[in-house]
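Heads up, the thing below is written out as structure tokens.
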Amino acid sequence: MSASASLSRPSTGVWLIGARGSVATTVVTGCAAITAGLHPPTGMVTETPAFTDSALPALSGLVFGGHDTLDCPLPKRAENLTAGGVLPPGVATAVAADLAAADREIRPGGPTPGDTRSEAELIAAFADDIRDFAHRHALERVVVVNVASTEPASQGRPDSPLPASTLYALAALRAGCPYVNFTPSEGIQHPIAAREAERSGLPYAGRDGKTGQTLLRAVLGPMFAQRALRVRAWSGTNLLGGGDGAALADPAAAAAKNAGKERVLADTLGTVPEGEVHIDDVPALGDWKTAWDHIAFDGFLGTRMILQTIWQGCDSALAAPLVLDLARLTARAHEAGLSGPLDALGFYFKDPVGDGPSGLTEQYEELLRFGRRLGRALGESQGTAPPERLDDAGDAL
């Protein structure tokens, strides 16, 4: 039995910021393809047996909408991604009705050049769009997920304009929706939004999805620390195209991206080794990226050694299953009455909110405990929860 074979419950909305981008298009296409039985849910942790009893919303019950400043329809976007090898041949055609339905639910984002609306007016308009979406589809809840291109960090001055990601985050809170920031952009972590989030009592998670280079770092960093091997330098290069490549050509946006990569090393190694990460925009690569790491470390008696890794992958195909996981987990957390930063979802992020561990193995164990907690919450609400057992570490099983 798959984890999506949940009890029949009202539908859950997923409102995507950047809804016509490559990641969002792959999310909608993939969800429809899995629901139709065209492809297995490869890469979705929530579809593994560990989450069968977590009472997550079914994939077939997810309804998609969102905001975007682009006007390329989702079916056309999916056609382009198919031509680029991101989506398998025939899938976009097979789920064309689902793509068209999601595209009809995409509303104009902002601010755009020449937009004269104030920040308060933009927030109110975005929140109204989300509420209208929920009302028309009789949705039990809506999770807002930011999958837009990376934006530069705000200047931090009180009189600085709010970044677009924060306007959307505030709109999500205004609409009473849990929020996930899959990007390095500030979003809900801007001080103004953070205060609103604390008052809202809503759950939220982020930031910056961990899909490639940093995923490896979250595994290799603890390995060096646990084997008492001294890392002297850790340098990296990213080559990528598409919208993210163009956005990260801005040094300020690249700095926001690299902050999460450095945090993983600092947390797992206990120090930040020499070296930097360089991000190069290579438009010819499209949605594909190559990440290279060069790690210099000392072994026994100071013997100097090198480890090099090369990761070549499709960014949208790596991100889409994580977005679906996060939407389902966050929706279930909201249903269970949880609030504040969802530390247990750090498994998915480079720069996670909260105080969870940084090593991937420990993060995975936290995620499994979270899944069991969600399942117990359903049992308690139905009066069927068994007595709680503890494992050797004192954690509930």
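The values are calculated or read from the model by the stated rules, or taken from the named source; none is laboratory data. Note that the structure is predicted; figures quoted are calculated from it, not measured. Please note: Cβ atoms are built from the backbone with ideal geometry, for glycine as well, and neighbour counts cover all protein chains shown. Note: accessible area is taken over every heavy atom of the protein model, side chains too, but ligands, DNA and RNA are not part of it. Shrake-Rupley method; radii C 1.70, N 1.55, O 1.52, S 1.80 Å.
For the chain, what class follows from the C-alpha gyration tensor (a ≥ b ≥ c being the square roots of its eigenvalues): rounded when a/c is under 1.5, otherwise prolate if a/b is larger than b/c, else oblate? Let's see the in-between values first.
Details: a/c = 1.42, a/b = 1.16, b/c = 1.22.
Here the chain falls in the rounded category.
At what distance in nm do the modelled label points of Arg232 and Glu119 sit from each other, each positioned 7 Å from its Cα along Cα→Cβ?
The modelled label-to-label distance comes out at 4.8 nm.
So, in the chain, how many Lys pairs have Cα atoms under 27 Å apart, if the pair is 8 or more places apart or on different chains?
Here the count comes out as 10.
Please compute the per residue accessible area over the chain with all protein chains in place, 1.4 Å probe, rounded to a whole number of Å².
Roughly 44 Å² per residue, with all protein chains present.
Taking amide H positions as placed in the peptide plane 1.01 Å from N, state which residues far from Phe349 in sequence (5 or more) or on other chains have amide H under 5 Å from it.
Lys210
With the Cα gyration tensor of the stretch 37-120 giving a ≥ b ≥ c as the square roots of its eigenvalues, does the rule (a/c under 1.5 for rounded; else a/b larger than b/c for prolate; else oblate) give rounded, prolate or oblate?
Because a/c hits 1.5 or more and a/b fails to exceed b/c, the stretch 37-120 counts as oblate.
Would you grab the residues whose amide H sits under 5 Å from the one on His39? Only those 5+ places off in sequence or on another chain, please, with H modelled 1.01 Å from N.
Hits under the 5 Å cutoff: Ile34.
Counting only the backbone N, which residues of the stretch 306-323 are under 16 Å from the spot 7 Å out from the Cα of Val219 toward its beta-carbon?
307-314, 318-319
If packing is taken as the mean number of other Cβ atoms within 10 Å per residue, what is the order of 197-205, 320-328, highest first?
Averaged packing, sorted descending, gives the order 320-328, 197-205.
If you build a Gaussian network model of the chain, linking Cα atoms that sit under 10 Å apart, which residue out of Pro184, Pro88, Pro108 swings the most?
Answer for the Gaussian network model of the chain: Pro88.
Label-point separation (nm) for His294 and Thr361, each offset 7 Å from Cα along Cα-to-Cβ?
My value for the distance between the label points is 2.9 nm.
Just grab the label-to-label distance for Ser160 and Gln312, each label 7 Å out from Cα along the Cβ direction, in nm (one decimal).
According to this spin-label approximation, the distance is 3.9 nm.
Out of all DSSP beta bridges in the stretch 170-324, what portion is antiparallel? Express it as a percent rounded to 5.
70
Sort the stretch 138-187 into rounded, prolate or oblate with this rule: let a ≥ b ≥ c be the square roots of the eigenvalues of the Cα gyration tensor; rounded if a/c is under 1.5, and if a/c is not under 1.5, prolate when a/b is larger than b/c, oblate otherwise.
Oblate, because a/c is 1.5 or more while a/b does not exceed b/c.
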